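Colleague: Following this message is one structure expressed as structure tokens.
The values are calculated or read from the model by the stated rules, or taken from the named source; none is laboratory data. All values reported here derive from a predicted model rather than from experimental measurement. Cβ placement follows ideal geometry from the backbone for every residue including glycine, while neighbour counts extend to all protein chains displayed.
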Amino acid sequence: MTTLEQYCRTVGRDAALHRDPASAAFAALALLLAGFGLFSVMAYSVAQRRREIGIRMALGAQAADVRSLGRHRRRCGSGAMGLAIGLAGALAAARVLDSLLFGVSPSDPLTFAGVSRGAARRAAAGGVSPGAARDAASTR
Amino acid sequence: MLISLRNVEKSYPHGVGRTYVLRRVNVDIKEGEFVSIMGPSGAGKSTLLHILGMHDSAWSGEYYFMDQPVHRLNPKQRSELHKKHIGFVFQSYHLLDNLTVYENLEIPLSYRNVSRKDRQSMVGDILDRFQIVGKKDLYPNQLSGGQQQLVGVARAVIANPQVILADEPTGNLHIGPRQRNHGAVPIAERKRGDDRPGDPFGSERVVRHADHPAARRLGRWKN
């Protein structure tokens, strides 16, 4: 047994997805760009610390120490701050998207948690990526 | 033998040929020896020191440190060997700008599995020996060049390494009598049982104190 309201919601969501693939593509592109931007910023900020990393290695730090330094500080510092600002902005902007959403609340906790987790993982990856900490760790 | 170099060479590709920074360097240094390396600018003094300090791995030849073949060790093994036995004073201090004097001195200990309590004690002791207790909460940019160099020397000796490599460590130093007896370069002298006061920081004195005749040959090592 399906109520008329449930039926309309399901049909409406499917119709929206099929009718507007461009929106879905743009959403995917936005997610990709956000991830790439976040990764780049984190990798750049770690690369900026090449001198410090070189000195630490000359004083006895191993590559693993350097990687954990980048991972720990980056993730706990600017990464967390960026995540908090992004979440606050997303919550504020969510109301604008209310009319475009089907079957999901603008402040859906699962969506926010999932996106936050993904962003945090990209930030952490930026701290230990090739060209960033690993590259700096090989500085001699 | 503490340090033994055999046909150590370092060169860079330059056009169709190569430019040699060091060529066929052979030297033996025994435990307790105090060696000065002299030579004109560009002779390769710093390069040689960085090879000895295991910061530079792009060279050829054989390097034995405490009978261990450094040239055959992987980067991790070299790092372990360096960490255990070598203290390095850099020519340009290389203090970390975002850390205080205390934190800078703590770095070498933090990579040597020294407990927090012992680290505090060792840093306190070295601050006292170098008479820089009052500077411990300052950042490097709040110190004079001489004070930064003093911190750099203190950082090199804090873990009590068996070998101290110093790349022009005394240029900016203004040393008082107490620091002469407990400070930087005299450590090399103390290691060989010579604790007399004096001015070991003048270059003439450094050369006179050098045990090793090969120390004065660096100018000829470069071809």
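Colleague: So, in the stretch B:72-88, how many residues would count as being touching a helix residue (DSSP H, G or I) at 6+ places or on another chain (Cβ under 9 Å) and free of Cβ contacts under 8 Å to residues at least 40 places away in the same chain? Explain how you work it out, then say what you get.
Modeller: We begin by selecting, within the stretch B:72-88, every residue touching a helix residue (DSSP H, G or I) at 6+ places or on another chain (Cβ under 9 Å); these are B:73, B:75-79, B:81-83, B:86-88.
If we keep only those that are free of Cβ contacts under 8 Å to residues at least 40 places away in the same chain as well, we get B:73, B:75-79, B:81-83.
Summing the residues that are touching a helix residue (DSSP H, G or I) at 6+ places or on another chain (Cβ under 9 Å) and free of Cβ contacts under 8 Å to residues at least 40 places away in the same chain in the stretch B:72-88 gives 9.
Colleague: Exactly one condition in (1) part of a helix (DSSP H, G or I); (2) within 30 Å of B:Met1 (Cβ to Cβ); (3) free of Cβ contacts under 8 Å to residues at least 60 places away in the same chain is false for B:Val153; which is it?
Modeller: Condition (3) is where B:Val153 drops out.
Colleague: In addition: Here are the criteria: (1) among the hydrophobic types (A, V, I, L, M, F, W, C); (2) free of Cβ contacts under 8 Å to residues at least 24 places away in the same chain; (3) surrounded by 15 or more Cβ atoms within 10 Å (Cβ to Cβ). Tell me which single one B:Val133 does not satisfy.
Modeller: (3)
Colleague: OK, next. When you go through (1) surrounded by 20 or more Cβ atoms within 10 Å (Cβ to Cβ); (2) hydroxyl-bearing (Ser, Thr, Tyr); (3) modelled with pLDDT of 90 or more one by one for B:Ser11, which number turns out not to apply?
Modeller: That leaves (1) as the condition not met.
Colleague: Out of curiosity, is A:Arg9 part of a helix (DSSP H, G or I), surrounded by 13 or more Cβ atoms within 10 Å (Cβ to Cβ) and at pLDDT below 70? Outline the logic, then answer.
Modeller: Details: part of a helix (DSSP H, G or I): yes; surrounded by 13 or more Cβ atoms within 10 Å (Cβ to Cβ): yes; at pLDDT below 70: yes.
When the stated conditions are applied, A:Arg9 passes them.
Colleague: Residues in the stretch B:30-65 that are modelled with pLDDT under 90, within 15 Å of the chain's Cα centre (by Cα) and aliphatic (A, V, I, L, M): how many?
Modeller: 3
Colleague: Could you count how many residues in the stretch B:44-62 are within 14 Å of chain A (Cβ to nearest Cβ) and part of a loop (DSSP other than H, G, I, E, B)? Step through it out loud before you land on a result.
Modeller: We begin by selecting, within the stretch B:44-62, every residue within 14 Å of chain A (Cβ to nearest Cβ); these are B:46-47, B:49-59.
Pick out the ones that are also part of a loop (DSSP other than H, G, I, E, B) and you get B:53-59.
Counting residues in the stretch B:44-62 that are within 14 Å of chain A (Cβ to nearest Cβ) and part of a loop (DSSP other than H, G, I, E, B) gives 7.
Colleague: Filter the stretch B:97-113 for residues that are more than 8 Å from chain A (Cβ to nearest Cβ) and crowded, with 16+ Cβ neighbours inside 10 Å and give the result.
Modeller: B:Thr100, B:Val101, B:Tyr102, B:Glu103, B:Asn104, B:Leu105, B:Glu106, B:Leu109, B:Ser110, listed by residue number.
Colleague: Now, a different point. Considering only the stretch A:44-86, state which residues are part of a helix (DSSP H, G or I), within 12 Å of another protein chain (Cβ to nearest Cβ) and at pLDDT 85 or above.
Modeller: Answer for the stretch A:44-86, where residues must be part of a helix (DSSP H, G or I), within 12 Å of another protein chain (Cβ to nearest Cβ) and at pLDDT 85 or above: A:Arg51, A:Glu52, A:Ile53, A:Gly54, A:Ile55, A:Arg56, A:Met57, A:Ala58.
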